[in-house]
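S.K.: Dropping the structure in here first, questions after.
The values are calculated or read from the model by the stated rules, or taken from the named source; none is laboratory data. Small disclaimer: the values here were computed from a predicted structure and weren't measured. In this analysis, Cβ positions are derived from the backbone assuming ideal geometry, glycine residues included, and neighbour counts consider all displayed protein chains. These area figures cover heavy atoms from the full protein model, side chains too; ligands, DNA and RNA do not enter into them. Shrake-Rupley method; radii C 1.70, N 1.55, O 1.52, S 1.80 Å.
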Amino acid sequence: MIMLPQRGFSRRKLLQWSGLSGASLLLGGCGTNLLSNQVGQISEPLNQSLESLMLSQRPVPEYPVSAIEPDKLLINTFDFTPQIDPAQFSLTLDGDVNRPMQLSFADLQKLPLTSMVIQHVCVEGWAAIVQWGGVRLRDLIALAQPKPGVRYVYFQSADGYYESWDLASSLHPQTLMAYQKNGQPLSAENGAPLRLASPVKLGYKQSKWVTQITFVNQLMPMKGYWEDQGYEWFGGL
Ligand SMILES: Nc1nc2c(c(=O)[nH]1)N[C@H]1C(S)=C(S)[C@@H](COP(=O)(O)O)O[C@H]1N2
Ligand SMILES: [Mo]
């Protein structure tokens, strides 16, 4: 396990750790660098054709900031609300990766910040247009460097919630590990300090209070908190 120092390391150092040049990580906005990197490494990426993998990375149209619906995002928590001190927080990246690591909240804030206005859709019959700000999950994936054969990503949360995603959706340029909502720091109720936010998945796929991201080749019998009670696994929008 590589333990990154808690403080005093620069963004440049992070990029060195990633094994990618800063330029290629920063070019992520155009969508294909990490993807082509993955395709190069993985002989049968998700058993999908290159074309369908590329299609799955297509950006979802965003809303203007004026469309945000601050009162419509309901709190939906299956049990309790963890109270996490950001100064004590660390995110573990592990599983089948070349560089397992732990990132502090300060480390995460040194990575490029992406902001997007998208619709959050809960299967319980409500939706809300929300602005999320955070780190692209694909940038964290680039740092951890999944080994060839990785196809799924597990997310463990501080309240005991767990989720699994396909790698392609995890690499989507609008799949964020968010720490801001509507331009403000995330509240505890909405998943502080770090939660998933993406326009390609339903609400129950968007884990709050994420503490661990694990890369695996196979789905395990436990696929997700709601999925294991009958909800559909892919949960696409
Ligand atoms: N850790 C955790 N994440 C979770 C949940 C939860 O209960 N625990 N609920 C999910 C559901 S069903 C939805 S709709 C969204 C709601 O996010 P919000 O409470 O910020 O609106 O969080 C998702 N992520
Ligand atoms: Mo939900």
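S.K.: How about segment 216-235: which of its residues are more than 16 Å from ligand 1 (Cβ to nearest atom) and surrounded by 12 or more Cβ atoms within 10 Å (Cβ to Cβ)?
M.R.: Across segment 216-235, the qualifying residues are VAL216, ASN217, LEU219.
S.K.: Still on this structure: Please specify each residue of segment 121-159 satisfying the condition of being within 15 Å of the chain's Cα centre (by Cα), open to solvent by less than 20 Å² (accessible area, probe 1.4 Å) and over 23 Å from ASN76 (Cα atoms).
M.R.: Those that are within 15 Å of the chain's Cα centre (by Cα), open to solvent by less than 20 Å² (accessible area, probe 1.4 Å) and over 23 Å from ASN76 (Cα atoms): ARG138, ASP139, LEU140, ILE141, ALA142, LEU143, ALA144, PRO146.
S.K.: A follow-up question, please. Among the residues of segment 190-211, which ones are away from ligand 2 (no atom under 14 Å from the Cβ) and not hydroxyl-bearing (Ser, Thr, Tyr)?
M.R.: ALA192, PRO193, LEU194, PRO199, VAL200, TRP209, VAL210
S.K.: Moving on. For segment 73-105, name all the residues that are more than 25 Å from ILE118 (Cβ to Cβ), away from ligand 2 (no atom under 16 Å from the Cβ) and assigned to a loop (DSSP other than H, G, I, E, B).
M.R.: The answer is PHE80, GLN83, ASP85, ALA87, GLN88, ASP96, ASN98, ARG99, PRO100.
S.K.: Out of all the residues in segment 127-153, which are touching a strand residue (DSSP E or B) at 6+ places or on another chain (Cβ under 8 Å) and over 27 Å from GLN184 (Cα atoms)?
M.R.: Correct list: ALA144, GLN145, PRO146, LYS147, VAL150, ARG151, TYR152, VAL153.
S.K.: Now a separate question. Among the listed residues SER164, SER187, SER170, identify the single one that is small (Gly, Ala, Ser), in contact with a Leu (Cβ under 9 Å, 6 or more places away or on another chain) and within 15 Å of ligand 1 (Cβ to nearest atom).
M.R.: Just a single option satisfies the conditions, and that option is SER164.
S.K.: Is it the case that LEU186 is aliphatic (A, V, I, L, M) and either over 21 Å from PHE78 (Cβ atoms) or open to solvent by less than 10 Å² (accessible area, probe 1.4 Å) (or both)?
M.R.: no
S.K.: While we're on this one: Hey, does segment 216-235 have a residue that's within 17 Å of THR92 (Cα to Cα), of a type outside the set (D, E, K, R), touching a residue at least 60 places away in the same chain (Cβ under 8 Å) and away from ligand 2 (no atom under 16 Å from the Cβ)?
M.R.: Within segment 216-235 (the criterion being within 17 Å of THR92 (Cα to Cα), of a type outside the set (D, E, K, R), touching a residue at least 60 places away in the same chain (Cβ under 8 Å) and away from ligand 2 (no atom under 16 Å from the Cβ)), the answer is yes, since at least one residue qualifies.
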